[in-house]
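Read the structure below first, then the notes.
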Amino acid sequence: MTTTTRFAPSPTGRLHVGNIRTALHNWMLARQAGGAFILRIDDTDAARSSEEYADAIRADLRWLGLDWDREERQSARLERYEAAFDALKAAGRIYPCYETAQELEVKRKIALGRGLPPIYDRAALKLTDAERAAREAEGTPAHWRFLLDHAEPIQWEDGIRGTQKFDPAQLSDPVIRRADGSWLYMMPSAVDDIDMGVSQVLRGEDHVSNTAVQIQIFTALYAAAFAAHEGAAKSLPAFAHEALLVGREGKLSKRLGSLGCDTFRDRGIEPEAIIALLARLGTSQPVEPIADRAALVASFDLATFGRAPAKFDEEDLERLNAGIVHQLPFDAVAARLPEGMDEAGWHAIRPNLAHIGEAADWWRLVTGPIAPPAFTDDDKAFLATAAETLVWGDDPWGALTAALKEATGRKGRALFLPLRQALTGMDHGPDMGELLPLIGENEARARLETAAR
Ligand code: GLU
């Protein structure tokens, strides 16, 4: 069977690191297998969904380089949900309910008060036709629940959590459709996974109990021959649920919920750093600044995922970002570099950057003007010698320092620091061997002469 995965965000907000991680892992599963990655916009909640958020989600995925093979949206598939609903109803797996939210809340409190789990008591299932007709006549429209089969134990081999077992009697029959006819998440998602031939569902562990319920929905839909058409998945997808991301302190953090692509981009974080971190966070594989996406895809393996929450540390991200920036080729960054900075300039300056945006500051060392410190008379004399000694060739820095060492007996810091300060105005920075040719002969001599005065 070909691998088909999906990322199914609700367009009710921006993507945050947790969603980005789910998107990435589904993308990697599909790319590793040469399969398809679907972007599914879960927009059945018309009141909370917006086109702006859907656009932002696409833009973020593009920025991250997570390309999708197909886009689907739930609002365009209402007919299919209607058909599934009819099929399940005909099979006796859906029943109308009339409780108000307050009545349900009272039932919940009573159950909890008795020390029982707050499982829906199926009171609506016991209504007679006459009682139902009376509720309808009163003007209470029905909402609809899916009837779990208590005789059908729920079990699956989770790609991360191992064997998962649920007793359906310990679960509430889920409401799948509201009284106004709109859909809740539970059934449309299963219908889509069938229709779109989804072979693997990888999502956060907050969905584990949804999976338990959805397995019975899938099974009921198969039994109702709902998956007979071409392209439909003929058997349950493989499920895997990842441990959630937590902040550095080990807690589910509000901050993570608001940390998304805009924040990262504004802070100068490269998409490749985010990818390198999220690809392996929470796995037994080392988190390293791997800029080669194909390598990350090839090494992706659900079996390496742990059950413990994965800690997202912004300092790790900064560290990885620097590691990634140091590897980026000129072509990948040229458009974001200061005017006039060429490939040699990029190579000289790259090792000093934590973020590409800092290139401009370092490039000013080449273009000037620079502000050298005040020198002692001793250093001034040394720098005057340097100005005279400077000769231009393949390796002017190597030649200059070798000649000065010979002529003055200086070595180490006493040799290098005044030169660096006179030539760049700084006491640390890019490799002088690479920088000096960029400064150029005349400018370099002028800077040494200025410093010597
Ligand atoms: N729209 C759902 C969510 O955002 C999708 C869950 C799923 O992957 O099935 O949580």
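The values are calculated or read from the model by the stated rules, or taken from the named source; none is laboratory data. Predicted model only: the values in this text are computed from it and were never measured. Note: ideal-geometry Cβ built from the backbone for every residue, glycine included; neighbour counts use all protein chains shown. SASA here: full protein model, heavy atoms, side chains in, ligands and nucleic acids out. Shrake-Rupley method; radii C 1.70, N 1.55, O 1.52, S 1.80 Å.
Proximity of backbone amide H atoms, modeled 1.01 Å from N, is registered between Arg177 and Trp144, Leu184 at under 5 Å, excluding neighbours fewer than 5 places apart on the same chain.
Computed over region 237-385, the alpha-carbon pair-distance distribution with 10 angstrom bins reads 10, 30, 27, 17, 10, 5, 1, 0, each value a whole percent. Rounded to the nearest 10 degrees, the angle from helix 441-452 to the longest Cα principal axis of the chain is 70 degrees. In terms of its alpha-carbon gyration tensor, region 106-203 comes out oblate; a/c meets the 1.5 threshold, while b/c is at least as large as a/b. Shown in residue order for region 396-412 are the 3J(HN,Hα) couplings computed by the Karplus curve 6.51 cos²θ - 1.76 cosθ + 1.60 at θ = phi - 60°: x, 5, x, 5, 5, 5, 5, 5, 5, 4, 5, 6, 10, x, 6, 8, x Hz (x for Gly and Pro). Here the relative contact order of region 192-300, from alpha carbon pairs under 8 Å that lie six or more residues apart, stands at 24 percent. In whole percent, and with a 1.4 Å probe on the protein chains, what portion of the accessible area of region 36-141 is carbon and sulfur? The nonpolar share, carbon plus sulfur, comes to 54 percent. When only Cα pairs below 8 angstrom with a gap of at least 6 residues are kept, the chain shows a relative contact order of 13 percent.
Taking all protein chains in place and a 1.4 Å probe, what share, in percent, of the accessible surface of region 349-453 do carbon and sulfur account for? That fraction is 50 percent.
Per residue, region 257-344 exposes an accessible area of 45 Å² to a 1.4 Å probe, with every protein chain left in place.
For region 123-192, run through the GluC sites (Glu not before Pro) and keep only the ones in DSSP coil with at most 15 other Cβ atoms within 10 Å of their Cβ.
Details: sites: Glu131, Glu136, Glu138, Glu157; in loops: Glu138.
Within region 123-192, the qualifying GluC sites (Glu not before Pro) (loop, at most 15 other Cβ atoms within 10 Å) are Glu138.
Taken one residue at a time, the phi angles of region 180-185 give Karplus couplings (6.51, -1.76, 1.60, θ = phi - 60°) of 7, x, 6, 9, 8, 4 Hz. Gly and Pro are set to x. To the nearest ten degrees, helix 208-223 and the longest principal axis of the Cα atoms of the chain are 50 degrees apart. The calculated Kirkwood hydrodynamic radius for the chain is 26.6 Å, given to one decimal from all distinct C-alpha pairs.
State which entries of Lys126/Lys234; Lys107/Lys251; Lys109/Lys251; Lys89/Lys234; Lys109/Lys165 exceed 24 angstrom in Cα-Cα distance in the structure shown. From the list (Lys126/Lys234; Lys107/Lys251; Lys109/Lys251; Lys89/Lys234; Lys109/Lys165), the Cα-Cα distance tops 24 Å for Lys126/Lys234; Lys107/Lys251; Lys109/Lys251; Lys109/Lys165. Ligands, DNA and RNA are left out, and with a 1.4 angstrom probe the accessible area of region 1-151 is 49 Å² per residue.
Taken one residue at a time, the phi angles of region 274-283 give Karplus couplings (6.51, -1.76, 1.60, θ = phi - 60°) of 5, 5, 4, 6, 6, 5, 10, 4, x, 10 Hz. Gly and Pro are set to x. Ellipsoid fit via the Cα gyration tensor, region 248-312: semi-axes of 21, 18, 8 Å, each the root of five times an eigenvalue, largest first.
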